[in-house]
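Asker: Once you've had a glance at the structure underneath, I'll fire off some questions.
Rule-based calculations on the coordinates, nothing more; no lab input. Since the model is a prediction, treat every value here as computed from it, not as a measurement. Positions of Cβ are backbone-derived with ideal geometry, glycine not excepted, and every protein chain shown enters the neighbour counts.
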């Protein structure tokens with residue numbers, strides 16, 4: 001059974017849209033998703049599924065969260081092989097000056113069109129840097145995200161597609177969990 005990673009958008013932030021991870025795991029299991037494991041409180045779930053098409057699965061998860069918890073967060077899904085590819089494609093990988101907790105990967109629901117992508121990349125916000133690879137935006141924020149000029153909301157608004165961000169440490173940990181699940 002393939003291993004998949006889902007990332008919920010905007011839960012457990014600032015005391016809003018609260019979901020306990022134990023309840024989230026139970027909800028995933030109720031959908032027939034197997035061996036659900038969560039990582040940190042921001043709604044990262046690694047699980048097994050027989051689903052071949054992940055877009056309808058994301059919608060099923062969103063609907064079940066709404067039914068169970070009373071709100072509907074966006075759900076972005078990547079297979080373990082897609083997540084491996086995200087890590088492999090990291091355009092900042094060869095740089096020694098990159099702090100992993102300041103490298104944010106924004107996982108997008110859809111790949112942005114070439115014109116929208118060009119518009120995003122034309123925004124200058126030194127010392128912040130952005131690269132777009134397929135459905136992922138790699139952003140390096142050397143001064144942190146707290147006062148970022150290229151804030152996640154601006155990225156999403158400009159690219160015209162929903163997304164959710166995870167720092168590099170979280171992304172690599174999610175792949176580690178997925179690979180352990182694949183090996184078991």
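Asker: Report, in whole Å, the centroid distance computed from the Cα atoms of segment 64-133 and segment 9-60.
Answerer: First find each Cα centre; the distance between them is then 19 Å.
Asker: In nm, to one decimal, how far is the modelled label at residue 94 from the one at residue 180, with both set 7 Å along Cα→Cβ?
Answerer: Roughly 3.3 nm, to one decimal.
Asker: Let me ask you something else. Using only DSSP helix segments of four residues or longer, with each worth -39500 (n - 2.57), what per-residue ellipticity at 222 nm results for the chain after dividing by its residue count and rounding to 500?
Answerer: For the chain, the value works out to -11500 deg cm²/dmol.
Asker: Could you state the angle between the C-alpha long axis of helix 21-30 and the longest principal axis of the C-alpha atoms of the chain, as a value from 0 to 90 degrees rounded to the nearest 10?
Answerer: 60 degrees
Asker: Note the angle between two axes, namely the Cα long axis of helix 54-69 and the longest principal axis of the Cα atoms of the chain, as a number of degrees from 0 to 90, rounded to the nearest 10.
Answerer: 70 degrees
Asker: How far is helix 168-183 tilted, in degrees, relative to the longest principal axis of the Cα atoms in the chain, given as a value from 0 to 90 rounded to the nearest 10?
Answerer: 40 degrees
Asker: By how many nm would the segment from residue 68 to residue 52 grow when fully extended, if each residue of separation counts as 0.36 nm and the alpha-carbon distance is taken off?
Answerer: Values: separation 16, 0.36 × 16 = 5.76 nm, distance 2.45 nm.
Difference between extended and current length: 3.3 nm.
Asker: Pick the calculated Rg and Dmax of the Cα atoms in Å for this structure from (i) 26.3, 83; (ii) 16.1, 52; (iii) 16.2, 46?
Answerer: Evaluating Rg and Dmax of the Cα atoms in Å on these atoms matches (iii).
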